[in-house]
Structure formats: C-alpha cells, structure tokens
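Each remark here refers to the structure printed beneath this line.
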Amino acid sequence: GASSDIGLEISKRFVEEGANVVLLGRDMTKLENARKTIKDYVTKTVAIPCDITNESQVIQTVNQITNHYGRIDILVNNAGAITDPIHFHEMTDDAMNSLVNTNMFGTFRITKSVIVKMLENKNGGSIINIGSISAERAIPKVHLTVYCTTKAAINMFTKGLAVEYARRNIRCNCVNPGIVNAGMIKSYLDYPEARKVLEDRQPINRIGEPLDVANAVVYLASDDARWISGIILNVDGGKSASEG
C-alpha cells in the first residue's frame, strides 16, 4: 500500500532513517511515480507490483525480496480497501468479500509469508499493521459496518501475533489512524465548510496528516520500541478519547 498518502509517507520516513525500502502495490505506474518523489529513491528503494489478494504473487514477491536483500526486518501492512458508505443489508456478497479478502486475508497472506522468512533468518523483526479507529467506534450516519469489522479483526490479529511470536523476537503492533488527509477524505477537505466540520470534531483542532501516522510507525519499528508489542496505538488527535 505504498503508492500514495500514508503508505508513501511511511516509505519516505523509513528512507530518512536509513532503511532500504521495498514499495508494494497493485499498480506499477503509480508505484514508480510515488517512488520517484522519495529522496535517494535510486539507491534506497525499489518498487514491486504485488496484489495481496493473490497468494502466489505474495509468495513470489517475498521470495524475490529476501533473495535480493537477504532478509526482511520490518513489514508495514498499509494496503487496504474501503467502500462508499452503504447500509449493511444493501451490500452484495461481492462487495463484502472484496473488503474481507483485502483488509483481512490480504494482510494475513503477506504477514504469513514474511514471518516464515523472519523465522528462517532468526533475527526476528517488527510488523506494524495499519488499522483505523473505526475498529473501535462506528460513526453515526456513515454506514461502514463491514469495513469496521475487518479493521477490528486486525486489532485482534495484532495482539495474537504479538503473543504467539514474542519468544521468537518478532514484535507486532497496530497504528489506528483517525481522520487523516488521505484517501477518500481528501476530496471533502477541498471544501472549507466540510473541513471546518471535521476539524471542529477533533479535540486537537486539526485534521491529521500522513506524516503523523508515519512517525508513529517508524517509532514502533525502531529499537526505541523494543519492549513494545501487541499495542493498538490510536493516532487520532484525541478523537477516540472524546464523546463526540
């Protein structure tokens, strides 16, 4: 999920910290265009097309990365899908399956393949899942029940992995962004009235930026967080702590 917004900002921050970064996504053109906005992209990054709903592509991609670099230290699961708000009873099976296959099983697939490599290398690693505060609270009049359910599953997936692989030196944490200037929200923010409505609902009176999420991810991946595993970190300007 590295071709835009949060995923791209995470990639930039990791390069700033000295990491070699592999950007994954389904659209190679978008990936390459995004990669070229990263400083030192020629020496520090590579882009590989990969559809996480396709198991054979996932396995081939992970093998390709480890064959080149020798190991994978950090995995960021940022790829995800969301639908336009719609009542649950009006959703088709295809729409529900698409969300589940990307947000849940897609995350499962690539995490499984990377964990295999981390165990083989015996150096451990850090896995950071990108969820949503929608995993914890539904928004009145914004009908995203299935999306919220897939993100709630990622919260428990994070905790389960953290405990299961703790003795193998693999940490797993989750960052749950609130309202961030990314994805489907960006179009609303072009309208001053809509932006003000969203900002007024935030305890910290501004919309989050992709960099706010990226900074949290880099911290959780770092040795500074070496005794942190299994947490769900809400990066939401205080929204999840408020009543509104």
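Per-structure values
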item	result
log₁₀ of I(q)/I(0) at q = 0.11, 0.12, 0.25 Å⁻¹ - region 121-220, Debye sum with one point per alpha carbon	-0.42, -0.50, -1.35
Principal axis box of the chain, alpha-carbon based, largest edge first, Å	50, 38, 37
log₁₀ of I(q)/I(0) at q = 0.14, 0.17, 0.20, 0.22 Å⁻¹ - region 1-115, Debye sum with one point per alpha carbon	-0.60, -0.83, -1.08, -1.25
Volume per residue of the C-alpha convex hull in region 170-244, rounded to whole Å³	93
Burial ranking of peptide ranges 82-95, 104-117, 128-141 (average Cβ count within 10 Å, highest at the top)	104-117, 128-141, 82-95
Ellipsoid semi-axes in whole angstrom, largest first, where each is sqrt(5λ) of the Cα gyration tensor of region 3-68	20, 14, 10
Surface/4 of the Cα convex hull for region 71-192, nm²	8.5
Difference of contour (0.36 nm per residue) and Cα-Cα distance, Lys141 to Asp200	19.5 nm
Potential extension, Tyr191-Asn63 segment - 0.36 nm per residue separation minus Cα distance	41.6 nm
Mean-position separation - Cα centroids, region 217-235 and region 96-154, in angstrom	16
Per residue solvent-accessible surface (Å²) - the chain, probe of 1.4 Å	54
Protein accessible area in the chain, 1.4 Å probe - carbon and sulfur %	51
Label-point gap, in nm, between His89 and Glu32 - each point 7 angstrom along Cα→Cβ	4.9
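The values are calculated or read from the model by the stated rules, or taken from the named source; none is laboratory data. These numbers were taken from a predicted model, which means no experiment stands behind them. Note that we place each Cβ from the backbone using ideal geometry, even for glycine, and neighbour counts take in every protein chain shown. Only protein heavy atoms, including side chains, enter the accessible area calculation; ligands, DNA and RNA are left aside. Shrake-Rupley method; radii C 1.70, N 1.55, O 1.52, S 1.80 Å.
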